[in-house]
Every structure is written in structure tokens, then in C-alpha cells.
């Protein structure tokens, strides 16, 4: 088999891996590069391979850095089938449709043709097939099975067998235990692992702390009479926050405060969650069976329309605003940041990864001023980070996941990480597991 890395190699985004055997070619993921912009210029450049020769794409999960270039693949000649779990298919459609207008703006900025339209997404969905976990399927010489990655609802680890070899693509490994979703599954017998290393150089706070840290941030902001801004990814992070705020409210741990979900996409995705309750973990299922609406509580308001979003300004502090995008690339969070970043009584709370070059990363790292919509904004509000909300496994969890394959592993390929995190994690893997490690660059090919 031949494995080529066409993305997420030295960067966290742009997942795109080509696997070849006996003239057959499949992709694992086909995602956007994201950093200083919602979509970087290289997304609009031609693929390094012929899309018409690709027989199938296996999608690990619905985030745009794993799905965002599928419309371009289709436009450039792809005639095969896309495979993923059913939740990933449904979430992917909504996320791709939501990205259309933002990609159009990015295309205008770069003076290139936009590859994502509603019609293209419609045609793509006709080729997208839902496959359940542990329901093996075959593409040419490749036998494929999906395992639960525990990253977001429906996320997958992809196990590929061909030529007598067992190759495992971790996708984005989850930060277990997590609210709502099930524990990351362990895979055994792998000879080659392509592994997420986003947080390979650090250890998250204990998950049991995240609800307390969230409560403390909300209470602190209420007491100060300010606004708590939470830039949150529409998929999974927003639902986790809702779950925990619901818990805090139900147990009387929070004073009454308006909480706004100011993200049309998050609102639509939350509705889809209810379709896939069979994918929830046991604790969440128990809440549902007891009659608890885990995504609703007193004071919660969903602002779907632009007018409803603007009306948040008329509600006096204190208040909590959860809005996209998660890295402040765009979306409604920018309007709230523009209004409240300069307020010392307010707080911005980061609950997810902030890519190098993103506005969120600059604010998180202490920038005193930022530019939003062409205006210079002072950053005088408090800044808090809850690392345990990360949906990515940290170093101990990655090592634990890999250790199940220590006896069979020949090589580990580190992807989805900046070079610093890959270097630290690679050294740990060699030390703890005594396994060869590669940190591939864009375009690197390996015979396995």
C-alpha cells in the first residue's frame, strides 16, 4: 500500500490522506485548511491528485477541516461514494451549507472561483452513504470498518485492511470522558496508525473540573455585571455547554441569567442531535429517560434570525452569549466581541482549540488590541480558558489509545498537530512504546 499526506501535516487542519493499493485509490477525509482566515488560499488550488480517479472518501466526522473540500472534489471530477456514520452525514450537510456564504466571501477576497454552492452540496449528498459503526464495507481491495472516536457525535476511527496489513486512521480522538457522547473505542492489532496530535504536547485539566470552571466564569461575570462571551463551535461544543448549564440550573448552582445561543447553525445541529439519541452515552440517556430536556432550561433563548441576534444588545448585562465561530474566524461572535471586548466587567471564555493566526488565538494569548470589521478594538475584558472542554485527546489519552497496539505497531504517523506538539508527542511515543514515529510533511508518500 501507498500512503500520501495531502493535508493536516504540520498543521491542525486540512485533513486529506490518500491510500492506494493495486491501482485503487481512496481518501480519508477531504477538509479545509483554516488559520488566519476561515478558509486559506490553498483550499482553492487544484488537488495534488486526479479526483476522477478516487473511488471513495471515508469521512471521519463533520467538522469542516475534515469535510470542507468535498464540494471541490466533486466539482473537479470525483464520481465515487462518500462514506461516514449517519450522524456525520446529516451534520455534514448542514455544516457545508452553512459554510457556502463564508466561502464565497473568501473566494472574492482571493479572486478565485468559489467551489461550494447549495447545488453542489445537494449533488454531493446524493453520493454520501451512511454506515453504522462496526458495519464492514469494501472498496476494491480495501476492507473498512468504523469505530467510535468519541470526538463529536458520530465521529469515527477508520480501520482499513488490505494486502494483509491493518492501517488505522484515528480521525480526531476524543477527550474522554465527555458529556453526551460515548467513550473513545480502542482498536487493536494495528500495524500502522495515523494519529491526531493536536494536543500531543499537553495535559488537559481533569474533565470533572470543567463544570465547576464554567460555573465560576458565569457567576464571576454575573457579579461583575458584565457579559460572558463564549466563542463556541456549533457542533458538539455548544451542545456540551448547554448540557452543563442545564445541569447547573437544575441543581440550583446558578442565579437566573439570560443565556443566548446566537448561532443558526448550532440551533439546527442541536435539533439533529435529538434524531440520534441512540448514539448518546448511558448517563445522557438516563437523563432523557427521566424526562429531562438536556438542551433546554429557564433563561435559555435561541436567536435564529438576524433581528433576534441584534435584539440581544437590548438585554442589559449580566448575560451569557454563546456564538460561533469557535475561533472567531467570522460569524455572530465578532459582533459581540466588538461590543464587549473593551469592557473590564465582561469576560471572554475559550472552550476550544484556537488555531495559530486566528483572532481567537491572538485574544487568548493576550493581545491588547485587535481589529474587527476594520476597527481597532481594545481588549480589556477578562480572559479565561477551560482546556478540559477540548474535544481532542491530550497526550496521556493518545498514549493510552496507542498502547493497545504496542505489540503489533510498526509505525505511527503524527498528523493534525503543529510541529511543536508532534515533536513532543513523537518523543513520548518512542520512549513509552518503543515504536517508530514519522511526522510527515505535505505531499510525503510512504510505502507501508
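The values are calculated or read from the model by the stated rules, or taken from the named source; none is laboratory data. Nothing here was measured: the structure is a model prediction, and the numbers come from that model. Positions of Cβ are backbone-derived with ideal geometry, glycine not excepted, and every protein chain shown enters the neighbour counts.
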| note | Of the residues in region 60-86, those that are outside any loop (DSSP other than H, G, I, E, B) and either closer than 16 Å to residue 27 by Cβ or within 14 Å of the chain's Cα centre (by Cα) (or both) number 14
| query | Can you name the condition, by its number, that residue 294 falls short on among (1) at pLDDT 95 or above; (2) surrounded by 19 or more Cβ atoms within 10 Å (Cβ to Cβ); (3) in a loop (DSSP other than H, G, I, E, B)? | reply | (1)
| request: Identify, from the list 119, 110, the residue that is assigned by TED's automatic domain parsing to the domain that holds residue 173, touching a helix residue (DSSP H, G or I) at 6+ places or on another chain (Cβ under 8 Å) and surrounded by fewer than 19 Cβ atoms within 10 Å (Cβ to Cβ). | output: 110
| task | Could you please find all residues in region 50-72 being surrounded by 24 or more Cβ atoms within 10 Å (Cβ to Cβ) and closer than 13 Å to residue 123 by Cβ? | result | 70, 71
| query | Counting only residues that are surrounded by fewer than 20 Cβ atoms within 10 Å (Cβ to Cβ) and assigned to a loop (DSSP other than H, G, I, E, B), which one in region 7-34 is nearest to the chain's Cα centre (by Cα)? | reply | 10
| said: If a residue counts only when it is under 21 Å from residue 34 (Cβ atoms), which helices (runs of 4 or more DSSP H) contained entirely in region 345-448 have at least 2 such residues? | reply: 359-364, 419-433
| query | Quick one: in region 36-49, which of the residues that are in contact (Cβ under 8 Å) with a residue 40 or more places away in the chain and out of contact with any helix residue (DSSP H, G or I) (no Cβ under 9 Å at 6 or more places or on another chain) is surrounded by the most Cβ atoms within 10 Å (Cβ to Cβ)? | reply | 49
| field | Residue check for residue 205: surrounded by fewer than 18 Cβ atoms within 10 Å (Cβ to Cβ), in contact with a helix residue (DSSP H, G or I) (Cβ under 7 Å, 6 or more places away or on another chain) and not in a helix (DSSP H, G or I) | value | yes
| request: Give me a count of the residues in region 162-175 that are surrounded by fewer than 19 Cβ atoms within 10 Å (Cβ to Cβ) and either within 21 Å of residue 295 (Cβ to Cβ) or out of contact with any strand residue (DSSP E or B) (no Cβ under 9 Å at 6 or more places or on another chain) (or both). | output: 1
| Scanning for something in a loop (DSSP other than H, G, I, E, B) and under 26 Å from residue 325 (Cβ atoms), does region 117-140 turn up at least one residue? | yes
| message | Contact list please: Cβ distance under 6 Å, first residue in region 87-100 and not assigned by TED's automatic domain parsing to the domain that holds residue 68, second residue outside any helix (DSSP H, G or I) and buried (at least 22 other Cβ atoms within 10 Å of the Cβ), pairs at least six apart or on different chains. | response | none
| message | Whether any residue in region 304-317 is in a loop (DSSP other than H, G, I, E, B) and surrounded by 19 or more Cβ atoms within 10 Å (Cβ to Cβ) is what I want to check. | response | no
| query | Does residue 241 qualify as being outside any loop (DSSP other than H, G, I, E, B), buried (at least 24 other Cβ atoms within 10 Å of the Cβ) and within 18 Å of the chain's Cα centre (by Cα)? | reply | yes
